[in-house]
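Report on the structure given below.
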Amino acid sequence: MTQPDVASRAPLTIREEILYWCRESVRTGLNFNTQGNISVRLPEHDAIVITPSGVRYDVLTPQQMCVVNYAGEVIEGDLFPSTETDVHLEHYAARADVNAIVHTESTFVNVLGALGRDIDPVLLNMVLYAKGTVPVMPFEFSTNREFGAKSAATLGKQVNAVVWANHGLIAVGSDLAGAFKVAVAVEENAKVLYHASLLGQPNIIQLSDVVIPEGARLP
């Protein structure tokens with residue numbers, strides 16, 4: 001295995017972007033300690049670049065990212081890749097539109113996930129980025145291809161996130177910033193949905209009900 005250099009399949013800019021969002025996930029409360037993982041597709045190499053296993057984000061460096069081919073073999077990096085690498089690969093295989101994946105273990109996503117409650121959209125950002133109700137996959141150990149295939153099937157083709165019951169969230173996007181927006185939107189929506197449900201019946205909104213004016217910029 002080789003260290004990243006000018007010939008690396010994963011450019012330094014991509015590695016630095018992953019590290020930035022890893023640290024943002026801690027800063028925004030979506031992860032802590034060594035929780036979660038992030039990957040980006042490298043389509044020209046039939047591979048992905050993904051965070052290593054068990055390294056705190058505050059000490060992680062861009063050079064420590066792992067490059068893994070679609071067969072799950074490490075082709076760049078000296079550390080073990082995330083234990084959920086196979087799960088990421090299954091999602092990439094199932095969704096050609098997905099180029100980045102963010103796994104978080106945020107509080108209110110896990111509250112609703114522990115209840116087995118799908119996360120219905122009650123906030124605009126939720127429908128704009130997650131695209132609809134986020135389903136909950138029943139609890140199961142999450143470090144193998146079989147789990148990944150079930151997660152990808154639960155995610156489906158229409159929405160951009162799925163909750164793993166008693167574990168966390170996986171968010172997908174066409175790019176890394178977009179996938180992170182999904183993770184943030186779902187957690188904030190889960191928080192509002194939880195509190196609103198304590199007071200009454202929340203108003204659920206759907207993407208088909210949102211009329212976006214021509215030329216409008218998304219939040």
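The values are calculated or read from the model by the stated rules, or taken from the named source; none is laboratory data. It should be emphasised that the depicted structure is a prediction, and the values quoted were computed from it without experimental measurement. As a convention, Cβ positions derive from the backbone with ideal geometry for all residues, glycine included, and neighbour counts pool all protein chains shown. SASA here: full protein model, heavy atoms, side chains in, ligands and nucleic acids out. Shrake-Rupley method; radii C 1.70, N 1.55, O 1.52, S 1.80 Å.
Give the residues of region 92-121 that are open to solvent by 30 Å² or more (accessible area, probe 1.4 Å), under 30 Å from Asp46 (Cβ atoms) and either assigned to a strand (DSSP E or B) or not aliphatic (A, V, I, L, M) (or both), sorted by residue number.
Asp97, Asn99, Glu105
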Q.
So Val163 ticks every box in (1) over 21 Å from Pro202 (Cβ atoms); (2) touching a residue at least 12 places away in the same chain (Cβ under 8 Å) but one. Which box is left unticked?
A. (1)
Q: Among the residues of region 142-175, count how many are part of a helix (DSSP H, G or I) and surrounded by fewer than 21 Cβ atoms within 10 Å (Cβ to Cβ).
A: 7
Q | Those residues of region 185-208 which are touching a residue at least 40 places away in the same chain (Cβ under 8 Å), in a helix (DSSP H, G or I) and out of contact with any Asp or Glu (no Cβ under 7 Å at 6 or more places or on another chain), in sequence order | A | Ala185, Val186, Glu187, Glu188, Asn189, Ala190, Lys191, Val192, Tyr194, Ala196, Leu207
Q) Out of all the residues in region 66-91, which are closer than 18 Å to Lys150 by Cα, open to solvent by less than 20 Å² (accessible area, probe 1.4 Å) and hydroxyl-bearing (Ser, Thr, Tyr)? A) Thr85
Q: Sort out which residues of region 42-65 are in a strand (DSSP E or B) and either crowded, with 24+ Cβ neighbours inside 10 Å or small (Gly, Ala, Ser) (or both), and write them in order of number.
A: Ala47, Ile48, Val49, Ile50
